[in-house]
Structure formats: structure tokens, C-alpha cells
Amino acid sequence: MTTLLPHHDGSSLYVSNLAPSLGDVVTVRLRVPEGYGPLAAVRTRSNPDHEPEWTDAVRLGTIDGWEWWEAPVTVRNPRHGYRWLLVHEAGPDGSPGAVEWLNQTGLHTLETLDAEDFALLSYPAPPAWLTDAVMYQVFPDRFARSAQADTHATPEWAVAASWDTPVDPVMPGRSQQFYGGDLDGVTEKLDHLVSLGVNLLYLTPIFPAASNHRYDASSFHSVDPLLGGDEAYIRLVEAAHARGIRVIGDLTSNHSGDRHEWFQAALGHPGAPEEEFYYFTDGANTQYESWLGTPTLPKFNWASQELRRRFIDGPDSVVAKWLKPPYSTDGWRIDVANMTGRLGEIDLNAEVRQLLRQTMIEINPDTILLGESTNDAASDLQGDGWHGAMTYPSFTRPLWGWLSEPTGTPYLTAEGDEKTEPWFFGQPIGGIPRYTAREFVDAVVRFTGGIPWRVRLGNMQPLDTHDTGRFATNAAPGTIPVAVGLMMTMPGLPVVFAGDEFGLVGADGEASRTPIPWGTETEPETAARIALYRDLIALRHAHPALATGGLRWVHVDDNTVVFVRESADETLLVLAAKGDADAEIAASALPGAVGAEALFGDATLAVADDGAVLLSADGPAFAVWRLAGVSLPVLDDARA
């Protein structure tokens, strides 16, 4: 039987104002199992200006087996952290009562870190549509070719490939193999996105470059003619908007390409205005810092005010240009956001991300800003810049560890070396780790514990991306529905990498960039996979609690995870298991389970005579039920 514990999260059930201003008083609520304690006092502890501040909570009453408390918290800093203090009554012998602390990583008997506190944010909130979004990521060279693409000559840097040519994972093919997908090809396939239910299109870079990935831009002021140029981009955005799909671009704030007009103006030209845009390390402007030592990707020096003016500051900047008509895109994903503005003792990252956000607010506050930060991103994800991040340790990597069954299939590195252990996000640890369901949850809690709830909801939550192998490559039998289901039901922004719905595989971040096999949609296996994505995306859209509802774990063992996403209007109960599932959950953990409506999956929910909820399934299994929303105690007239 699952042990019930006090609970709080950043959702509207527990926080009265999710977008407060400095000085606002926000009411926060705590939910405690009936009979827990008994408690002598419940308090909040904040840390404004790094000086502790306390408020006392009042008991609201008891309902459905839970005792509710609430306390006022005054927002004194743009990121205002707080935690709960629970003081148990003294023992019969007069000994002090136990003390517990509740923060985003759970309940603790020792004092906890400020970095893991719950947090109220007074920074401008992201647009409301972000939490309603399901993202679809497109790598333009590999998505679709229009008839116009056939008129484009193969560029001098490219290795031409037909659409059915296998991906070449070895340099130079790795970066120069050219399939010729274009933006009009994307436009022609928008109805596929509509049929899936996705409503946010993320395009990796579209600027002219000397690679298939285009992260080595030669200009930020035009769309690559090989993709159809500016007019094709306008056509795509207009067609997407007409279908209710927003579009965001991809921008490299850490570096340009070595063919970039700014870099070429400074290379070998000491005294050129653009030399301050980069880190030249010799007097002749021929040696320079670059991204991870890659000479084709010279690194930007964000100490340059002129670089800021041209690139990210104000209405005439690159950032602003593509948000304004006639392009009217809906935001940016920023490549290598974690390294931007950082080099040794230099750290200008916060200045850059804040300036990016400010420009976007001034041009169109209804746009989003996402940063790539593929490891522990918590220190950068505090609400002052990025609305969320493309990050892997808070969902993607632990999910691979739990639901994969590595086969040891060999793959080739960029240098052509054969590796026999499965690829795992570039980590030299001998392959994919083996996690239990409990370790999956522990990793999720650990890597979201330092991220404010509002930002967590904007974190991209992919199974894989253009920079990773495809999850399906090593998925344990029967676990694809479990993985896709978790992506759609856990807090965060679901991300479908184009081709996942076709069942594509790929051993690493290059082999995963496979051209989409259009025309196979009706083949039985592909049709079933597409239907799975369509059904789970529809589930996400149909139930707002999956977008903004709170998260409460109700059962975790080595094989099975059960949690709820809950709001005042509805509760979604989710079961995910790699093997057979058999869980008994206390009645008060799931009030309203009687009459639960099955929404997805093949599993059994039964309610025992004492109200306990029994969940069972033959695994692997993913199932969702809808329960009634969460009720709060009704105050009497004297206290209302």
C-alpha cells in the first residue's frame, strides 16, 4: 500500500497567482493526509534577499481524506523561493516534535537547499498557448521535397543523395550529405501535422550555410535559397497559421559559421568593426575561439555592444526581424544556449538571454523563447530568460534508461570508428544504463527540483531529437506506447521529432536524420504507429489537466509508475509499466476513483470495499483514467 505524504506543487490548485508582480501577496496551499502528525504548526519559509522570512499557515479543514492548510507569501524578489515547514506535536514525555521540510524534491527531515525551493516568478509570464502546445520538430533537408527543389543545383559543399539513399554517418557525409528537402515541401505536408494534432512547428536552421544542418550560418538576414528563400518561408508560416499551427525558428547565439559575412569581414582584417564580435587570439585575426574547437563555428563575443545591437537588441535586430511581418514567426529555439556568452572566466549568459527575452516582448509578447541546455539546466532556467529548454536529464535520458533494452548493435562514429555499445547521448559510460521505474522517477525529481514550476511546463520533453539516436532503436518490446504516453502526460512540452510517428530508427544523432518515407503511411505497422501518436496527442489536447495540472506520484515500484495530473476540474490518473503491473493505492490517494472513466490503454481499475484502488495490467502497459477534480474544504461564513 502506498504511503501518503504531504503535497504541494506550483499548479493553480496550490498557488493562487501563477504570474504575480513584485509586492503581491500570493496564497499557497499545502495538502496533508488526514491523521498525519498530529501537527503543532505549519509554516512557510522564504528567503528574500537571502534573509529568511516566515509565515504561519492556517488550517482550512478536511475533505476526501486530506487536511488543507494555506499561508500568505509576499513576492519580494523576481524569483521568490519558499518551502514548507511542518512541526509535529511534542511527545508525551515532553520531547520536541519532529520537524519536516517540503520542497520540490520532496519531504526531508534535514534542512534543504534554497535552489530546490518552490518558486514564484514575477518575470513576465510566457504566452498561455505554450502549455497547450504539442511540438513537431523538422530537420528541413530530410523532411520533404517540393517540385521546386529539383530546380536547385547541388551546392559546391554538398554530397548529393537521393531520397532513399541511406544516411552516411561518417565525415564528410555526416555534415555534407544533401537530400534537398525544402520549405515548400514542408508546406505541402502540413496536413499531416494537422492530422496528428500537433500545433507547434519547430524548424532547425533555415539560413544559408555550408552544411546539411545549417548551424554554420553564413548570414542571418535571409533564408537559404536551397530551401526556397524568404518567400517560401513566408508561404510556410502563413499556411501553418491558417491551420492553427505556430512556427518557431532556430538561432545560433553561441557562434556563426566561418563563412558568415560578419566573420569574413574580420578574418585577417585587424581593426575591422566586426573583429570585436569574435574571440580572435592572435594579432592577425586568423586564430580564434570556436564551438568545441570546430573551426567552422567561430564563437561570438557578447561583450560587443555592436554585436548585441545587430543580433538581439531592439526592433532592428536579427531576433526581431523574423518575428515581424511578413515572416511573423512565433518564437525562437536558441542553439547551444548553455554555452552562449560563456568562455573561461567570462559569463555573460544571463545578460544575453534577458536581452533576447526583452526584445521579443517588445516586438511580440505572444512569442516563446526556448534554450538548448542538454544537461543540468537548472541554474539558467529561473524565469529571467528562457521560457523552457531542450534538455535531456529531466525526462529523456532517464526514460531511455528505464524503457530501453539495448541490443549492442554496432554503429559508426563521425570518424568511421565502429562502436558496439548502444549510443547514450554522447556519454562514455559503456551504453544505455539500466534503470528501474523508481530510478526513472528519482531522476525526474532530481533534475526538475531546481526549476520553477512555470518554467518546467515549458521544458521540451522529447523521446529524441535531431541530435540524438531515435528512442525506438533500443526500445524494449512493447514500450513505445509507454514512452509516447509519458511524453504526453507528464509536465512539459511534448516534442515529436519528425519520423518518430513513422517508426524510424537511428543509432545516433546523425543516423536519426533519416528522410521521411512518405507514401508508407498506410502500411500496417506505420499506420498503427501514426494512430498511436494521433490518439495520445488528442488525449493531451482534450484534458487541460495534462497541460497545467499538478503532478502527484501515487505509486512507484521497480516496475511501475502511477501518478495523477490534477486540477479543480478533473484528475487524470496515469499508469505506466515496463512489465506486468499490480498496484494497491490507498483510498484517500485517489478520491473519486469510483466511477473512473477509462480513456486510454488496456488495464484494470478496481475499488476494494475499503476504498483502496487496485490497478493491474499485463505489461508493458500505459493507461489513463479520468476522475473527478480535486475539492477544497468549504469555509464557513465566519472564516470565509
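Only the coordinates and a few stated rules stand behind these numbers; no lab work does. Just so we're clear, the structure is a prediction, and the values are computed from it rather than from any experiment. No Cβ is skipped: glycine too gets one built from the backbone with ideal geometry, and neighbour counts run over all protein chains shown.
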* Asked: Tell me, in nm to one decimal, what length is gained between Ile361 and Thr165 on full extension, where the rule is 0.36 nm per residue of separation less the Cα-Cα distance?
  -> 66.2 nm
* Asked: So what's segment 150-199 giving for Rg/Rh, alpha carbon basis, Kirkwood Rh from the mean inverse pair distance?
  -> 1.09
* Ranked Tyr279, Tyr215, criterion: other C-beta atoms within 10 Å, fewest first -> Tyr279, Tyr215
* Structure fact -> If N is the residue count of segment 514-572, its Cα Rg over 2.2 N^0.38 Å rounds to 1.58
* In what order do Leu539, Leu403 fall by count of nearby beta-carbon atoms within 10 Å, going from fewest to most? -> Leu539, Leu403
* Structure fact -> What helix-only [θ] at 222 nm does the chain give? Using -39500 (n - 2.57) per DSSP H run of at least 4, over all residues, to the nearest 500, the answer is -5000 deg cm²/dmol
* Residues of segment 156-177 with amide nitrogen under 12 Å from the 7 Å Cα-to-Cβ point of Ala414? -> 170-176
* Asked: Each label point is 7 Å from the Cα along the Cα-to-Cβ direction; what then is the distance between the points at Asp56 and Leu107, in nm?
  -> 2.4
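Could you work out the relative contact order of segment 506-633, using alpha carbon pairs under 8 angstrom and six or more residues apart, expressed as a whole percent?
Numbers: 219 pairs, mean separation 27.5, N = 128.
Relative contact order, segment 506-633: 22 percent.
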* **Spherically averaged projected area in nm², based on the convex hull that wraps the Cα atoms of segment 25-121** => 6.6
* To do: Rank these for me by crowding, Glu415, Glu70, Glu34, going from fewest to most other beta carbons within 10 Å.
  => Glu415, Glu34, Glu70
* Which residue, chosen from Ser616, Pro544, Asn559, occupies the Cα position most advanced towards the positive end of the dipole of segment 533-619, where the dipole is computed from +1 (Lys, Arg) and -1 (Asp, Glu) charges on Cβ about the Cα centre? -> Pro544
* To do: Extending each Cα 7 Å along its Cβ direction at Ile429 and Thr74, get the distance between those two points in nm, one decimal.
  => 4.5
* To do: Please express the shape of segment 548-628 as an equivalent ellipsoid: the semi-axes are the square roots of 5 times the eigenvalues of the C-alpha gyration tensor, given largest first in whole angstrom.
  => 18, 14, 12
* Asked: Hey, got the dipole for segment 195-283? About the Cα centre, +1 on K and R Cβ, -1 on D and E Cβ, debye to the nearest 20?
  -> 580
* Where only alpha carbons of segment 384-476 are counted, the Rg and the Dmax (Å) -> 14.5, 43
* **segment 477-626, dipole about Cα centre (Lys/Arg Cβ +1, Asp/Glu Cβ -1), debye to the nearest 20** => 480
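Let me check I have the definition right: for segment 1-63, take the eigenvalues of the Cα gyration tensor, multiply each by 5, take square roots. What are those semi-axes in whole Å, largest first?
Working from the Cα gyration tensor, I get semi-axes of 24, 15, 11 Å.
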* Structure fact -> The orientation-averaged projected area of the Cα convex hull of segment 429-579, in nm², is 9.8
* Asked: How big is the charge dipole of the chain about its Cα centre, in debye rounded to the nearest 20, if each Lys and Arg gets +1 on its Cβ and each Asp and Glu gets -1 on its Cβ?
  -> 660
* **Spatially proximal aspartates and glutamates relative to Lys419 (Cα-Cα < 16 Å; intrachain offsets below 8 disregarded)** => Asp168, Asp508, Glu510
* How high is the relative contact order of the chain, given as a whole-number percent (alpha carbon pairs under 8 Å, six or more residues apart)? -> 12
